[in-house]
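The values are calculated or read from the model by the stated rules, or taken from the named source; none is laboratory data. In this text the structure is predicted, and so the values were computed from the model without any measurement. A quick note on method: Cβ atoms are made from the backbone with ideal geometry, for glycine too, and the neighbour counts reach across all protein chains shown.
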Amino acid sequence: MARALYIHWPFCLAKCPYCDFNSHVRERVDHAHWEQALLADMRREAELASGETLTSIFFGGGTPSLMPPALVARLLYEAERLWGFDPGIEITLEGNPSSVEAANYAALASVGINRASLGLQALDNETLRFLGRLHDAEEGLAALDVAQRHFARVTFDLIYARPGQTEDGWKAELTRALRFGTGHLSLYQLTIEPGTRFETLVRKGVFTPLDDDAAADLFDLTREMSAAAGLPAYEISNHARPGEESRHNLAYWRYQDYCGIGPGAHGRRGGLATVRHRKPENWLAAIAEQGDGIAEARPLGRREQAAEAMLMGLRLGEGVDLGALSRRLQVAGADLYDPAKLAFYAEQGLAWQRGERIGVSEAGMPLLDALLAELVPAALVAA
């Protein structure tokens with residue numbers, strides 16, 4: 001049964017480089033209409049995935065920090081009525097670090113948001129322009145200050161291993177970031193994904209990505225500095241004080257069920273992968289026709305679930321409990337991993353096994369993608 005709820009708010013009220021402008025930018029939103037549709041979507045999920053109290057709610061998407069506080073309050077009230085809340089529930093709001101959104105933080109905190117996740121991405125204007133961000137460094141840090149005054153827990157992200165970045169430069173930036181005192185940081189290496197703007201720029205010779213050896217050195221530096229500051233890595237790119245790990249993301253990485261409502265939201269529920277209609281108009285039409293916004297509810301085979309669980313769980317410092325996963329999915333423990341390769345990489349200091357739990361070591365984390373391909377049997381991934 002689901003213990004985490006993701007609520008996707010699709011609208012951007014200003015153009016940004018991360019969404020489809022035509023479908024998501026809105027000058028005005030009929031909030032009453034959207035409230036009723038989101039509540040209907042939520043109630044349908046609760047009919048199918050209730051039974052346990054929620055430990056996490058995450059508001060994500062376009063600009064959820066510009067949602068009217070009254071709408072957020074209504075959604076939280078209904079979620080608590082339908083599922084019940086764990087006493088320590090984490091209720092996170094994803095926000096762009098702009099002054100417009102930060103002005104809404106006090107009201108959002110007053111209706112129950114207790115954690116903010118800000119997409120700072122860099123602390124200097126030149127890098128922010130390179131990354132395509134609309135905010136500048138001063139505005140981003142001002143938003144961070146407001147968030148820290150209003151929310152019990154705050155996290156923000158930074159992107160490193162950027163073209164031409166040096167160890168000294170990243171060390172200075174990360175030192176500054178750690179001094180803000182947040183209990184959680186997401187620190188991602190810049191990756192050049194196929195079909196992205198960055199791939200086009202690299203192909204045209206506009207910039208050259210940082211080479212692998214230099215990126216690996218920055219990865220090691222990141223983990224060393226964060227751990228020394230009391231925020232050890234608990235996932236390959238996420239660092240937190242003990243007890244301040246993202247409960248919502250842990251639900252994903254531990255392969256627990258979670259409900260996703262709103263346009264484009266994904267979920268995992270009782271062996272089904274659910275996907276909502278992405279386009280807001282199509283999602284609304286589905287709500288009217290069938291009572292929920294689901295475009296697809298695809299059954300996942302047990303071996304497919306096991307592959308997903310292994311690939312997600314090995315990202316975590318805690319690794320994967322093979323016995324618990326085997327019992328839950330009814331897949332033989334010996335089918336979940338390659339024992340010979342695990343023994344080989346453990347001897348190299350890149351992986352470990354403690355009883356029924358296996359994981360990737362600190363030394364192995366820079367090679368995670370390659371190790372996943374070795375440790376998780378191809379037959380399981382292809383299932």
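Among all residue pairs at least 6 apart or on different chains, which show Cβ distances below 9 Å where the first residue, located in region 199-224, is at pLDDT below 80 and the second is β-branched (V, I, T) and part of a helix (DSSP H, G or I)?
V206/T200
Identify the residue in region 337-383 that is part of a helix (DSSP H, G or I) and not hydrophobic (A, V, I, L, M, F, W, C) and, among all such residues, is nearest to I236 (Cα to Cα).
So the residue we want is P366.
Being within 17 Å of A122 (Cβ to Cβ), surrounded by 15 or more Cβ atoms within 10 Å (Cβ to Cβ), among the aliphatic types (A, V, I, L, M) and out of contact with any Leu (no Cβ under 6 Å at 6 or more places or on another chain) is true for just one of A142, A137. Which residue is that? First the steps, then the outcome.
Values: A137 fails: out of contact with any Leu (no Cβ under 6 Å at 6 or more places or on another chain).
When all the criteria are applied, what remains is A142.
Can you work out which of the residues in region 357-378 that are under 21 Å from D335 (Cβ atoms) and in contact (Cβ under 8 Å) with a residue 60 or more places away in the chain is surrounded by the fewest Cβ atoms within 10 Å (Cβ to Cβ)?
Here the answer is L372.
When the residues of region 153-165 are narrowed to those that are modelled with pLDDT of 95 or more and out of contact with any helix residue (DSSP H, G or I) (no Cβ under 8 Å at 6 or more places or on another chain), which ends up farthest from S237 (Cα to Cα)?
This residue is R153.
What residue, of G169, G183, is in contact with a Lys or Arg (Cβ under 7 Å, 6 or more places away or on another chain) and either surrounded by 18 or more Cβ atoms within 10 Å (Cβ to Cβ) or modelled with pLDDT of 95 or more (or both)?
Working: G169 fails: in contact with a Lys or Arg (Cβ under 7 Å, 6 or more places away or on another chain).
The match here is G183.
Restricting to region 185-205, give me the number of residues that are at positive phi and in a helix (DSSP H, G or I). Spell out the reasoning first.
First, the residues of region 185-205 that are at positive phi: 195, 205.
With the extra rule that they be in a helix (DSSP H, G or I), the set shrinks to none.
Number satisfying all stated conditions: 0.
Are any residues in region 312-334 surrounded by 18 or more Cβ atoms within 10 Å (Cβ to Cβ) and in a helix (DSSP H, G or I), and if so, which ones?
G313, L322, L325, L329
How about region 276-311: which of its residues are among the aliphatic types (A, V, I, L, M), buried (at least 17 other Cβ atoms within 10 Å of the Cβ) and in a strand (DSSP E or B)?
Result: I294, single match.
So which residues in region 334-358 are within 17 Å of G313 (Cβ to Cβ) and in contact with a Ser or Thr (Cβ under 7 Å, 6 or more places away or on another chain), if there are any at all?
Selection gives L336, L350, A351, W352.
Which residues, counting only those in region 183-201, are of a type in the set (F, W, Y) and farther than 19 Å from R241 by Cα?
Within region 183-201, the subset of a type in the set (F, W, Y) is 188, 198.
Of everything in region 183-201, just one residue is of a type in the set (F, W, Y) and farther than 19 Å from R241 by Cα, namely F198.
In the list P87, P97, which residue meets the criterion of being assigned to a loop (DSSP other than H, G, I, E, B) and either buried (at least 23 other Cβ atoms within 10 Å of the Cβ) or not hydroxyl-bearing (S, T, Y) (or both)? Give the derivation first.
Numbers: P87 fails: assigned to a loop (DSSP other than H, G, I, E, B).
None of the other options fit; the residue is P97.
Of the residues that sit in region 161-182 and are touching a Leu at 6+ places or on another chain (Cβ under 9 Å) and in a helix (DSSP H, G or I), which one is farthest from E244 (Cα to Cα)?
My answer is E167.
Out of the residues in region 262-318 that are hydrophobic (A, V, I, L, M, F, W, C) and out of contact with any helix residue (DSSP H, G or I) (no Cβ under 8 Å at 6 or more places or on another chain), which is nearest to L71 (Cα to Cα)?
So the residue we want is A265.
Sort through A142, A37, A79 and tell me the only one that's more than 30 Å from Q165 (Cβ to Cβ) and either out of contact with any strand residue (DSSP E or B) (no Cβ under 8 Å at 6 or more places or on another chain) or assigned to a loop (DSSP other than H, G, I, E, B) (or both).
Only one candidate qualifies: A37.
So C259 ticks every box in (1) in contact with a His (Cβ under 8 Å, 6 or more places away or on another chain); (2) in contact (Cβ under 8 Å) with a residue 60 or more places away in the chain; (3) not charged (D, E, K, R) but one. Which box is left unticked?
Against the list (1) in contact with a His (Cβ under 8 Å, 6 or more places away or on another chain); (2) in contact (Cβ under 8 Å) with a residue 60 or more places away in the chain; (3) not charged (D, E, K, R), C259 comes up short only on (1).
I'd like the full set of residues that are aromatic (F, W, Y) and over 28 Å from S110 (Cα atoms), limited to region 124-183.
We begin by selecting, within region 124-183, every residue aromatic (F, W, Y); these are 130, 151, 156, 160, 170, 180.
Once the filter is applied, which keeps residues that are aromatic (F, W, Y) and over 28 Å from S110 (Cα atoms), region 124-183 yields F130, Y160, W170.
Would you be able to say whether some residue in region 236-245 is assigned to a helix (DSSP H, G or I), in contact (Cβ under 8 Å) with a residue 24 or more places away in the chain, under 30 Å from L54 (Cβ atoms) and not charged (D, E, K, R)?
Kept after step one, since they are assigned to a helix (DSSP H, G or I), are these residues of region 236-245: none.
Checking region 236-245: not a single residue is assigned to a helix (DSSP H, G or I), in contact (Cβ under 8 Å) with a residue 24 or more places away in the chain, under 30 Å from L54 (Cβ atoms) and not charged (D, E, K, R).
What residue, among those in region 100-121 that are surrounded by fewer than 17 Cβ atoms within 10 Å (Cβ to Cβ) and hydrophobic (A, V, I, L, M, F, W, C), is nearest to G51 (Cα to Cα)?
Per the stated criteria, the residue is A107.
Looking at region 217-233, which of the residues that are outside any helix (DSSP H, G or I) and under 22 Å from the mean Cα position of the chain (by Cα) is surrounded by the most Cβ atoms within 10 Å (Cβ to Cβ)?
Only one residue fits best here, namely L231.
So A251 fits all but one of (1) out of contact with any helix residue (DSSP H, G or I) (no Cβ under 7 Å at 6 or more places or on another chain); (2) in a helix (DSSP H, G or I); (3) within 30 Å of R162 (Cβ to Cβ); what number is the exception?
So A251 meets the others, but not (3).
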